Structures are given as structure tokens and as C-alpha cells.
Amino acid sequence: MEIAVIGNEDFVLGFRLAGLRRVFVATPENYGEVIMKAMSDPNIGILAADGKDMDLLPSNVRQKVLDSVQPVVVPVGRGETDLREKVKRAIGVDLYKTEDE
Amino acid sequence: MPTHDITPTRSVLLDLKKRIKLSQNGHKIMKMKRDGLIIEFFEVMEKAKQMRGSVVSDYQIAMNKIAVATAVEGEIAVKSAAYAIKAEPQVEVGSKSIMGMAVPRVEAKIERGNILNKGYGVISTSAYIEEASEAFENLLVTLVRAAEIETTMKKRLDEIEKTKRRVNALEFKVIPDLLEGKRFVEFRLEEMSREETIRLKLLKSKSEKA
């Protein structure tokens, strides 16, 4: 299985340097469409995405992307907000809450 | 179970009693499963927190390195090096079972070969590009590990949610409904036996009068 990356030109350039060939270049306008296309490819095991771009997606698509297991979508470059929501929903307590919050 | 759907007979009462016992046992086991899953989840969560932290820090390092490389060498040089790289990292996604739940096992095959085998010219490419490439390779390794842990965590959370819903359904819907049904059948049966006694008494008094 392959590792793929999705994001704007600058984001994917670095991953190309690490040897990734499955690169999906997306603009904010067609991000949702491209990510769905990437996710439907059965050869992709891991999909690295820019955490900032995730916020552009409509909430239902975003939830679907973040809950996906095949492929696993890993948002790069931001904290654990997505996991935090999921933990809060399942456990009922915000376990990521720090003392100063 | 709505009470108007129940026929108040002894066999139904026996059946209801059996079902109540089964539901109560099931509820106990489900509760234990939920608690076990939550305990296991805490272990994974710690790991996931650390991995997310390393992904963020490795990403920042990598982005800084590539920014320096682009500033010094220019975008075209970085891009041409990026397109020249030969290595193609692959992952193998298998699965293992934990508490009857399939969780993925991701193994990465990331070749971190010698600079000479990378695909770009050693003389024409500067150390900045090499550093950036190395930083992104590191990020990729962290990313693959993070992917495995996060998927395990997501699957566990789904399982916890599912189990929790089942526990609640049993506790607040199924068992109370069955108990209500049992109460109704018992009440009806008692009522019927009382009616029967009265009828017999009436018949007896009538026959005595006659």
C-alpha cells in the first residue's frame, strides 16, 4: 500500500522530497472533491493532509474523513482537536483538557 | 415491550422471566466490556497524545528546513530535487485482534538510503535540500506510527460508543420494559385467579340456596 499526501503545492513539495509519489494537489475550491477521490483509491493506506485544510471541509465530509480507517487520514501540523471531539463524544469527558484551560 | 402486546399467560410469564435473566446477565457482561475497553483506551490515548506531539514538532522542523532550502537554493532547485528522488515509501497494512476487535498493524518500508542512491546529483544539490529531505523522511516515519496508533484509538472509541449504547439500551429500555411486562402478567394472572375464586364462591352459594 502507498502513502499519499494531499494539500497545496507548498505542502506537498516537502513530501515529494521524502519520496512520495502519490500526491494530490488541491486548492481550497476543490479540496473536498480531491480528498474524496484520494480516499476512494484502495491502494492508499495512509493519507497525510494539511490540518489547516481540514477546516475548509463541510462538517459532514470532515467527520467522514477523520473517522476513516481505510485509508487513515492523518492531519499534519495541528493539535488533536479532531480526536478531542471524538473522545469527548465517546467517553463523555474532555480528557484532553489541560489545567490552565 | 408494550403491555398491550402481551398475552397474560403462565408460559409468557416464564418466557419473560427467562428473558429478564438473560438481559440482566448480558447487561453485566456489557458493562464489564465497556469498563475494560475504557481502561485499555487510556493506555492508547497517552501514546496517541505523544505521537501527535511528535508529528507537530517534526512537521515544524521539516517546514523550517524546506523554507531555508527554498530561500537559499530557490524553488526550482528544490522542486527538481523532489522530482528526482527514486525511493518510494510503501506501507503494509495488516490487522491484529485485541479483545475481539480488529485493529490495524501498519508496517512502513521507508528506505533511508545513502545520499548517493537518492536520485539527485550530489554536487548540484546543496546540503540544505538534503537536510530538508531527511527531515521529511523523519516526519514520514512518525506519521506512519501515528497513523497506526490513531486508527487503533478511533476503532476503540467506536467500540466504546457502541458498547455504551448497548449498555444504556439494556439498562434503560429493554430491562425496564421486560420488568413492566412481567408485573403486568403477574397482576393479570392474580386478578384472574381472584375472579375464579369469586365465581366459584358464587356458584357454591347459589347451589346451596337451591
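The values are calculated or read from the model by the stated rules, or taken from the named source; none is laboratory data. Note that the coordinates shown come from a computational prediction; the quantities given were computed from them, not determined experimentally. We place every Cβ from the backbone using ideal geometry, glycine too, and count neighbours over all the protein chains shown. Quick note on the areas: whole protein, heavy atoms, side chains included, nothing else; ligands and nucleic acids left out. Shrake-Rupley method; radii C 1.70, N 1.55, O 1.52, S 1.80 Å.
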- Go through B:32, B:45 for me and flag whichever is within 10 Å of chain A (Cβ to nearest Cβ) and under 19 Å from the mean Cα position of the chain (by Cα). B:45
- Query: Does residue A:95 qualify as being within 23 Å of residue B:53 (Cβ to Cβ), surrounded by fewer than 21 Cβ atoms within 10 Å (Cβ to Cβ) and not basic (Lys, Arg)?
  - Reply: yes
- Query: In segment B:65-104, what residues are under 16 Å from residue A:23 (Cα atoms) and either open to solvent by 70 Å² or more (accessible area, probe 1.4 Å) or more than 7 Å from every other protein chain (Cβ to nearest Cβ) (or both)?
  - Reply: B:80, B:83, B:84, B:86, B:88
- Meets criteria (more than 14 Å from the chain's Cα centre (by Cα), of a type outside the set (Gly, Ala, Ser) and open to solvent by less than 60 Å² (accessible area, probe 1.4 Å)) for residue A:43: no
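Give me the residue from segment B:183-198 that is farther than 23 Å from residue B:20 by Cα and under 53 Å from the mean Cα position of the chain (by Cα) and, out of that set, surrounded by the most Cβ atoms within 10 Å (Cβ to Cβ). Lay out the reasoning, then the answer.
Step one: list which residues in segment B:183-198 are farther than 23 Å from residue B:20 by Cα, which gives B:192-198.
From what's left, under 53 Å from the mean Cα position of the chain (by Cα): B:192-193.
Working: B:192: 12, B:193: 10.
The selected residue is B:192.
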- segment B:156-182: number of residues that are open to solvent by 60 Å² or more (accessible area, probe 1.4 Å) and among the basic types (Lys, Arg): 4
- Query: From B:134, B:195, which residue is modelled with pLDDT of 95 or more and more than 30 Å from residue A:87 (Cα to Cα)?
  - Reply: B:195
- Give me a count of the residues in segment A:12-25 that are hydrophobic (A, V, I, L, M, F, W, C) and modelled with pLDDT under 85. 3
- Item | Those residues of segment B:22-48 which are under 16 Å from residue B:144 (Cα atoms) and crowded, with 17+ Cβ neighbours inside 10 Å, in sequence order | B:44, B:48
- Which of the residues that make up segment B:135-155 are open to solvent by less than 50 Å² (accessible area, probe 1.4 Å) and either among the acidic types (Asp, Glu) or over 21 Å from residue B:96 (Cα atoms) (or both)? B:135, B:136, B:137, B:139, B:140, B:148, B:150
